[in-house]
Amino acid sequence: MRAVAGTRKVRTLFEVRTRRRMLSVEADGFPPGEIALDETAIQPGGGGSATRLHRVEIEAPDTALSALQPFIDELRAACRLQPAGLTKYEVGVLTAGIESAADPFGSTTIEADAPIGRVALAVLRRQFSALTAKEPGTRLGDDNEELHDMRVASRRLRAALSLFAEVLPPSAAALHDDLRWIGKTLGRVRDLDVQLDQLGGWLCEVPATDRDPLTALRTLLEAQRSAARESMLKDLDSRRYELFVGRFGRLLRSARGRRSGPPSLPARTIAPDLIEERFRVFRKAAEQIQDDSPAADYHRLRIRCKRLRYALEFLAEVYPGRTRSPIKRVVALQDVLGLYQDADVAIDRLRRLAREHSAELGPEAIFAMGEVAERYRRSAEELREQFPRAYARAIGKGWKRFARLIEAERTLPAHETASAPAPAVSGPQ
């Protein structure tokens, strides 16, 4: 519990006390199972009447269930047993009168005709809820995907703050630096997770003579990950993180969307310009890519590609069903660029490890690391070759149709006449 809660204070919500009697149940020729007879009392933390439960739980190996089924059916009928619809925890929540808000930071609903300010707040609430929901799993560390999802949520929050900057409360701009800091502390652990996962796959593929040296490399990477994770937990326990969560939560709960100015305009009036701006920056970065471009240029393009994807996803409900195809093509390109970035980061890390830890790794490990780096290098070359085709699909006819569609559906502000010219959003030429 402390691993999940960090330094936060904890309080008793309710107390569950169970008296259990265990019996054995067995069918001839099958492994035995167990019958648990539970008498449970659930006492609210603030006092009050306890809720009492009587439950029967049967646990048996899967292979024995069919043989035990007649007995289970007879037991259910004779004792008038009914399936338990709630867990003991859920009963405790009801007993204590704890209310769980579906949207604790405010509405997350997005209608196609909603004003852009309301859309922006709904997007932020969704992503902030995702970030805080993934924090316990990130702290616990049992599932690396929890950390990955929390990092993605921090990135999406930064992208949303940037995309909707003109229609958000001024105080939102102050949250950028904290989100960048959170992304970095999570990223240090995530990058090592990715490399350890790849290394684990390669340990199964390399010749037996290289496995022991690469095991030494794995030990070193795991030590680095452990240190990065310790640093991450300190950051999540810090006063800075606590203040960030509090400020962001208060902003989302108090903001309602202004009824005048840019935030009050229909989303379909503003969305084409927001999407076109992200597309223009993305395409400018892509056109700078040459055969001999350094990895930094691909990395810059990957960031621009990700921002375009996020803009499309944030505004998907403004254009129901219309964004699916362009998002799919942009994601395919982003995957190519992401794998290329992973390969480049891995090569750089291996180079630094060889330079800084050559004595403890030894010559055999350094040699094996060179072979791993060569695998990464070949993979990077293949991904470079895949880039032109993936990029062409992302900006092709499908995108042009989408650009024309959102321009055609642009909603004029109420004070403009139908004949008034709307700002142009051009498709790619």
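The values are calculated or read from the model by the stated rules, or taken from the named source; none is laboratory data. Just so it is clear, the structure is predicted and the values come from calculations on it, not from any experiment. Note that we place each Cβ from the backbone using ideal geometry, even for glycine, and neighbour counts take in every protein chain shown.
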Filtered residues of the range 156-175 (kept if modelled with pLDDT under 95, in a helix (DSSP H, G or I) and not hydrophobic (A, V, I, L, M, F, W, C)) = 166, 170, 171
Enumeration of residues in the range 306-333 that are surrounded by 20 or more Cβ atoms within 10 Å (Cβ to Cβ) and free of Cβ contacts under 8 Å to residues at least 60 places away in the same chain = 308, 309, 312
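Name the residue that is nearest to residue 60 (Cα to Cα), counting only residues in the range 11-21 that are surrounded by 10 or more Cβ atoms within 10 Å (Cβ to Cβ) and out of contact with any helix residue (DSSP H, G or I) (no Cβ under 6 Å at 6 or more places or on another chain).
Pass one, the range 11-21, residues surrounded by 10 or more Cβ atoms within 10 Å (Cβ to Cβ): 12-18, 20.
After this cut, where a residue has to be out of contact with any helix residue (DSSP H, G or I) (no Cβ under 6 Å at 6 or more places or on another chain) as well, the list is 12, 15, 17-18, 20.
Numbers: 12: 34, 15: 29, 17: 24, 18: 21, 20: 17 Å.
Among them, the one singled out is 20.
Does residue 95 satisfy the condition of being at pLDDT 95 or above and surrounded by 11 or more Cβ atoms within 10 Å (Cβ to Cβ)? Explain how you work it out, then say what you get.
Working: at pLDDT 95 or above: no; surrounded by 11 or more Cβ atoms within 10 Å (Cβ to Cβ): yes.
No; evaluated as a whole, the condition is false for this residue.
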query = Consider residue 46 against the criteria (1) closer than 30 Å to residue 14 by Cβ; (2) surrounded by 14 or more Cβ atoms within 10 Å (Cβ to Cβ): it satisfies all of them except one. Which criterion is unmet?
reply = (2)
inquiry  = Let me confirm something: among 132, 108, 87, 138, which residue is in contact (Cβ under 8 Å) with a residue 12 or more places away in the chain and not assigned by TED's automatic domain parsing to the domain that holds residue 251?
reply    = 108
remark   = residue 196 passes all but one of the listed conditions (1) assigned to a loop (DSSP other than H, G, I, E, B); (2) surrounded by 13 or more Cβ atoms within 10 Å (Cβ to Cβ); the exception is number (1)
ask   = Would it be correct to say that residue 110 is in a loop (DSSP other than H, G, I, E, B) and surrounded by 18 or more Cβ atoms within 10 Å (Cβ to Cβ)?
value = yes
request  = Output the number of residues of the range 340-376 satisfying the condition of being surrounded by 16 or more Cβ atoms within 10 Å (Cβ to Cβ) and either part of a helix (DSSP H, G or I) or touching a Phe, Trp or Tyr at 6+ places or on another chain (Cβ under 8 Å) (or both).
outcome  = 21
request  = For residues that are over 16 Å from residue 314 (Cβ atoms) and in contact (Cβ under 8 Å) with a residue 60 or more places away in the chain, scanning just the range 270-288, find the one that is surrounded by the fewest Cβ atoms within 10 Å (Cβ to Cβ).
outcome  = 283
Candidates 319, 310, 340 - the one that is of a type in the set (Ser, Thr, Tyr), more than 28 Å from residue 115 (Cα to Cα), assigned by TED's automatic domain parsing to the domain that holds residue 397 and touching a Leu at 6+ places or on another chain (Cβ under 8 Å) = 340
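Return yes when residue 122 is surrounded by 11 or more Cβ atoms within 10 Å (Cβ to Cβ), within 28 Å of the chain's Cα centre (by Cα) and not in a helix (DSSP H, G or I) and no when it is not.
Values: surrounded by 11 or more Cβ atoms within 10 Å (Cβ to Cβ): yes; within 28 Å of the chain's Cα centre (by Cα): yes; not in a helix (DSSP H, G or I): no.
Criteria not met by residue 122.
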inquiry  = I'd like the full set of residues that are closer than 18 Å to residue 176 by Cβ and basic (Lys, Arg), limited to the range 210-251.
reply    = 240, 247, 250
message = Could you check the range 282-307 and list, in sequence order, the residues that are within 30 Å of residue 114 (Cβ to Cβ) and under 25 Å from the mean Cα position of the chain (by Cα)?
response = 282, 303, 304, 305, 306, 307
message = Of everything in the range 58-89, what is modelled with pLDDT of 90 or more and of a type in the set (D, E, K, R)? Give them in sequence order.
response = 59, 73, 74, 76, 80, 88
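Among the candidates 103, 113, which residue alone is in contact (Cβ under 8 Å) with a residue 60 or more places away in the chain and outside the structural domain of residue 165 (by TED's automatic domain parsing)?
Working: 103 fails: in contact (Cβ under 8 Å) with a residue 60 or more places away in the chain.
Within the list 103, 113, the selection yields 113.
I'd like the residue in the range 59-104 that is charged (D, E, K, R) and in a loop (DSSP other than H, G, I, E, B) and, out of all such residues, is farthest from residue 37 (Cα to Cα). Walk me through how you get there before you give the answer.
So in the range 59-104, the residues charged (D, E, K, R) come out as 59, 62, 73-74, 76, 80, 88, 90, 99, 103.
So of that shortlist, the ones also in a loop (DSSP other than H, G, I, E, B) come out as 80, 99, 103.
Values: 80: 14, 99: 30, 103: 38 Å.
So, considering only residues that are charged (D, E, K, R) and in a loop (DSSP other than H, G, I, E, B), the one farthest from residue 37 (Cα to Cα) is 103.
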Only one of 337, 412, 353 that is modelled with pLDDT of 95 or more and not β-branched (Val, Ile, Thr) = 337
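Evaluate the following for residue 49: is it outside any helix (DSSP H, G or I) and either in contact (Cβ under 8 Å) with a residue 24 or more places away in the chain or more than 30 Å from residue 320 (Cβ to Cβ) (or both)?
On the way: outside any helix (DSSP H, G or I): yes; either in contact (Cβ under 8 Å) with a residue 24 or more places away in the chain or more than 30 Å from residue 320 (Cβ to Cβ) (or both): yes.
Answer is yes for this residue.
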request  = Please give the number of the condition residue 201 fails out of (1) without any contact (Cβ under 8 Å) to a residue 12 or more places away in the chain; (2) assigned to a loop (DSSP other than H, G, I, E, B); (3) over 23 Å from the mean Cα position of the chain (by Cα).
outcome  = (2)
